[in-house]
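This report concerns only the one structure given below.
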Amino acid sequence: MYISNITHYLDETGNISTQMPTEARELASFLALVIDESTKNIPSTLSATDIRCFEKGCDGIIKYELINPKDDIHWICSKCQNEGRISGWQGTKWDNNAGK
Ligand SMILES: [Zn+2]
């Protein structure tokens, strides 16, 4: 279970920090994609995306849900055990729900 606060991966300009190991940057990019998509759609039930799982060798597709527009985003891979929650996404540059 990945419990991620996206703000931990950002630099002072709100972008994904370049001062991190590649693995952390890849995870942060994945999280940003999930935030961008889920705040466009606000899926209230577990919904399929076209986002690929970031796990090496896994060809699963990510499903996500955002029960309440203010809540953590819950995501899960359709194939491997990857699953997580994203907090701290509100007000980031990938938040399409800003001000609503
Ligand atoms: Zn997977």
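Some points to look at:
- Across K70, K56, K40, mean-square fluctuation computed from a Gaussian network of the chain (C-alpha pairs under 10 Å connected) peaks at K56.
- Gaussian network model of the chain, springs between alpha carbon atoms under 10 Å - residue of G88, G57, G14 with greatest fluctuation: G57
- For the chain: relative contact order, % (alpha-carbon pairs under 8 angstrom, 6 or more apart): 30 percent
- In this simple spin-label model, placing a label point 7 Å from the Cα along the Cα-to-Cβ direction at both S87 and M1 gives a separation of 1.2 nm.
- Selected from S44, N15, L31, residue furthest toward positive end of dipole (segment 2-87; charges at beta carbon): S44
Rule-based calculations on the coordinates, nothing more; no lab input. Keep in mind the model is a prediction, meaning the values are calculated, not measured. Cβ sites come from the backbone with ideal geometry, for glycine too, and all protein chains shown count toward neighbours.
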